[in-house]
Amino acid sequence: MEQGVGLLAALPVNEVVFFINKVVIAGLIIGSVYALGAVGVTLIYGILRFAHFAHGDMMTAGAFFALIFVALFPTAGDALGLPSAFVLMPLAMVVTALFAIGIDKGFYAPLRAAKVRPVVIVMASIGVMLMMQGLIRLFAGTGTYQFDAGSKAIYRLPVMGRDIILTQPQALLIVFTALAAIALHLFLTRTRMGKAMRAVSDNPDLARVSGISIDSVVRSTWVIAGALAAAGGTLLALDVTLKPDLSFNIILPIFAAAIVGGVGQPYGAMAGGMLVGFTETLAVFNWSVLLRPLRPYLPDIIEIPNRIAFVPTEYKIVVPFFILIAVLIWKPTGIFKGRVLK
Amino acid sequence: MALLEMNDIHGGYGGTNILNGIDIAIDADQIGVIVGPNGAGKSTTLKALFGLLRVSQGSVAFGGKTVTNMAPEGLVREGLSFVPQEFNVFPTMSVQENLEMGAYIRRDDFRYLIDQVYGFFPPLKEKRKQPAGELSGGQRQMVAIGRALMTEPKLLLLDEPTAGLSPRYMGEIFDRIIEINKSGVGILMVEQNARQALALAHRGFVLAGGRNRFTGTGAELLADPEVARSFLGGGE
């Protein structure tokens, strides 16, 4: 017994808790944001057969819709002790879903009707991306916005004198993503429309022959993708800040997540989001912190440097880029056997 | 009265016509079989009928109603069902989900129909939770036909239902087609195995060059020495 306590005392608690905060929690947070975006990208690819490059800006737009609602009803969350942005997020999700349907009707549907090749629609989505970035800057400028985080509650889980720390927006983000994953699973496997979406993704010609209305499937796809994008954007902005160029740092990891997970596979996108998120946090983590407890056991000639990270924090963006290239070279169908993105 | 009447159908892809005047007529509860050499326009005829290919001239009447160039969604509601030759299941969806997708347009409780399909194709019942893409060719064909039956069609269109199947499965699929027909569903199918198919046909259509060359009952066509010589690979 005494020996057990002794062993426990020898555990580098400080360092382990630091690792949990910096890698596990941080990975879950950024992974959740990527997952919420990647699900939309993968659903759109599965059903409409094109890579939607404007998806990052869909997330930014969703966050700005939430910002507008917060400006209109700044005290919406007070009664619940939650951030107003979170309480009003469903409204932003609805508006973004409608906005996504509008974008489709205005830009992508006419191209589909003209039976153009998918790459033409990809080009159109890049055009939409540039247009949305311009519009967002036109209305919001280039400054940084801060959501009021409401009660500013911070959850602390004490572990032998150290705390695992989670802010309320972070907890909301993780819980929301988990619930969204469950809801999406139930929708795709239990409901008529969810199954029809899988059918169209599987075999669009046969879906049409079966009398499935492709138009309503396309509409539900945009509703889900738009709503989850708005949620991801809002929750990310709530955790950090809202900038008009939010999409710039997020679109590459999201595509990496969708491709790692297997394009067209919603669960793959969720898993891929987490994978990319954790890889990023592991890559920028300062491993020398974990090595420090070993110092007494190492000979003097071995110095532990102050900073050992695979990638300096400011170059974090190369991580998803590397994942993307590695997957495309070695496993182009992704871990969940999706389509090869063309 | 004829259930289906296709009169002088012309159509094709782009500028080139593949169909140059096709006439098909079958009554309710009949089995119609379309045979002919490669490139005769057999599958194209089914596609033109099912709204998957534009008819440029001629008319299609189904159940007394003109349905020329109606979209597939509309034709499914009218009581037509189509089983394509290839890619005719949803591969990642389970057998049962494939059948449910066949019943997509229905708002009623269609479980009895799923049981009816399992009655026609007992092997599917055991495999109902398996993804259709993992089944053997013959069983996939059963799923495809089962899916098409879920709307309770008046007329079932089958594009080469026995293509690529072993003789054992071929016989089984033909037996099931007869059984489905006896349950009150009209059948119009394109077949490469012309002799076997004409043997069970009430109406046979021999196409060549996008036109009808011979039309008659299955027995008449099988007995016609010219049909045998030109289209059935010589005599007995």
**Request:** Collect the residues in the range A:193-204 that are over 27 Å from the mean Cα position of the chain (by Cα) and within 7 Å of chain B (Cβ to nearest Cβ), keeping them in residue-number order.
**Result:** A:Asn203
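Of the residues that sit in the range B:64-85 and are β-branched (Val, Ile, Thr) and more than 10 Å from every other protein chain (Cβ to nearest Cβ), which one is farthest from A:Ser216 (Cα to Cα)?
If we filter the range B:64-85 for residues that are β-branched (Val, Ile, Thr), which is where we start, we get B:66-68, B:76, B:83.
Among the residues that remain, those that are also more than 10 Å from every other protein chain (Cβ to nearest Cβ) are: B:66-68.
Details: B:Thr66: 27, B:Val67: 23, B:Thr68: 25 Å.
Only one residue fits best here, namely B:Thr66.
Does B:Ala201 satisfy the condition of being touching a strand residue (DSSP E or B) at 6+ places or on another chain (Cβ under 8 Å), assigned by TED's automatic domain parsing to the domain that holds B:Ile22, part of a loop (DSSP other than H, G, I, E, B) and crowded, with 16+ Cβ neighbours inside 10 Å? It would help to see each step written out before you state the result.
Details: touching a strand residue (DSSP E or B) at 6+ places or on another chain (Cβ under 8 Å): yes; assigned by TED's automatic domain parsing to the domain that holds B:Ile22: yes; part of a loop (DSSP other than H, G, I, E, B): yes; crowded, with 16+ Cβ neighbours inside 10 Å: yes.
Answer is yes for this residue.
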**Prompt:** Considering only the range A:205-245, how many residues are at the interface with chain B (Cβ under 9 Å from one of its Cβ atoms), part of a helix (DSSP H, G or I) and either aliphatic (A, V, I, L, M) or farther than 30 Å from B:Arg77 by Cβ (or both)?
**Reply:** 4
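Among the residues that make up the range B:206-216, is at least one of them hydroxyl-bearing (Ser, Thr, Tyr) and not in a strand (DSSP E or B)?
The first filter runs over the range B:206-216 and keeps only residues hydroxyl-bearing (Ser, Thr, Tyr), leaving B:215.
Narrowing the set further to residues that are not in a strand (DSSP E or B) leaves none.
There is no residue in the range B:206-216 that is hydroxyl-bearing (Ser, Thr, Tyr) and not in a strand (DSSP E or B).
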**Item:** Members of the range B:50-63 that are within 14 Å of another protein chain (Cβ to nearest Cβ) and within 18 Å of the chain's Cα centre (by Cα)
**Value:** B:Phe50, B:Gly51, B:Leu52, B:Leu53
**Asked** Which of the residues that make up the range A:147-158 are out of contact with any Gly (no Cβ under 6 Å at 6 or more places or on another chain) and either modelled with pLDDT of 80 or more or of a type in the set (Ser, Thr, Tyr) (or both)?
**Response** A:Phe147, A:Ile154, A:Tyr155, A:Arg156, A:Leu157, A:Pro158
**Prompt:** Would you pick out the residues in the range B:69-85 that are crowded, with 19+ Cβ neighbours inside 10 Å and polar (S, T, N, Q)?
**Reply:** B:Ser81
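Tell me which residues, restricted to the range B:89-102, are facing chain A (nearest Cβ under 7 Å) and either aromatic (Phe, Trp, Tyr) or in a loop (DSSP other than H, G, I, E, B) (or both).
At the first step, the residues of the range B:89-102 found to be facing chain A (nearest Cβ under 7 Å) are B:90-93, B:97, B:100-102.
Across the range B:89-102, the qualifying residues are B:Phe90, B:Pro91, B:Thr92, B:Met93.
Here's the yes/no breakdown for (1) modelled with pLDDT of 95 or more; (2) in contact with a Pro (Cβ under 8 Å, 6 or more places away or on another chain):
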position	(1), (2)
A:Ile214	no, yes
A:Val218	yes, no
A:Trp222	yes, no
A:Gly233	yes, no
A:Thr241	no, no
A:Asp245	no, no
A:Ile250	no, no
A:Gly262	no, no
A:Gln265	no, no
**Item:** Residue among B:Tyr118, B:Tyr112 that alone is surrounded by 18 or more Cβ atoms within 10 Å (Cβ to Cβ), outside any loop (DSSP other than H, G, I, E, B), over 12 Å from the mean Cα position of the chain (by Cα) and free of Cβ contacts under 8 Å to residues at least 40 places away in the same chain
**Value:** B:Tyr118
**Message:** So, in the range B:1-58, exactly how many residues are surrounded by fewer than 20 Cβ atoms within 10 Å (Cβ to Cβ), of a type in the set (Gly, Ala, Ser) and either closer than 25 Å to B:Leu200 by Cα or without any contact (Cβ under 8 Å) to a residue 40 or more places away in the chain (or both)?
**Reply:** 7
**Fill in**
Matching residues in the range B:153-180 (assigned by TED's automatic domain parsing to the domain that holds B:Leu75 and acidic (Asp, Glu)) number 2
**Asked** Any residue in the range A:138-147 that is crowded, with 16+ Cβ neighbours inside 10 Å and in a helix (DSSP H, G or I)?
**Response** yes
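Conditions tested, residue by residue: (1) surrounded by 15 or more Cβ atoms within 10 Å (Cβ to Cβ); (2) more than 10 Å from every other protein chain (Cβ to nearest Cβ); (3) assigned to a helix (DSSP H, G or I); (4) touching a residue at least 60 places away in the same chain (Cβ under 8 Å).
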| residue | (1), (2), (3), (4) |
| --- | --- |
| B:Phe87 | no, no, no, no |
| B:Tyr104 | yes, no, no, no |
| B:Asp108 | no, yes, no, no |
| B:Lys129 | no, yes, no, no |
| B:Arg140 | yes, yes, yes, no |
**Qualifying residues in the range B:149-186 (those that are aliphatic (A, V, I, L, M) and in a helix (DSSP H, G or I)) - the one farthest from the chain's Cα centre (by Cα)** = B:Met170
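For the subset of the range A:160-177 comprising residues that are part of a helix (DSSP H, G or I) and either without any contact (Cβ under 8 Å) to a residue 40 or more places away in the chain or over 21 Å from A:Ala38 (Cβ atoms) (or both), which member is farthest from the other protein chains (Cβ to nearest Cβ)? Write out each step before concluding.
Quick first cut of the range A:160-177, residues part of a helix (DSSP H, G or I) only: A:168-177.
Next cut, either without any contact (Cβ under 8 Å) to a residue 40 or more places away in the chain or over 21 Å from A:Ala38 (Cβ atoms) (or both) only: A:168, A:171, A:175.
Numbers: A:Gln168: 39, A:Ala171: 35, A:Val175: 29 Å.
Per the criteria, the residue is A:Gln168.
The values are calculated or read from the model by the stated rules, or taken from the named source; none is laboratory data. Predicted, not measured: the structure shown is a model, and the values here were computed from it. Here Cβ is always computed from backbone atoms with ideal geometry, including for glycine, and neighbour counts include all displayed protein chains.
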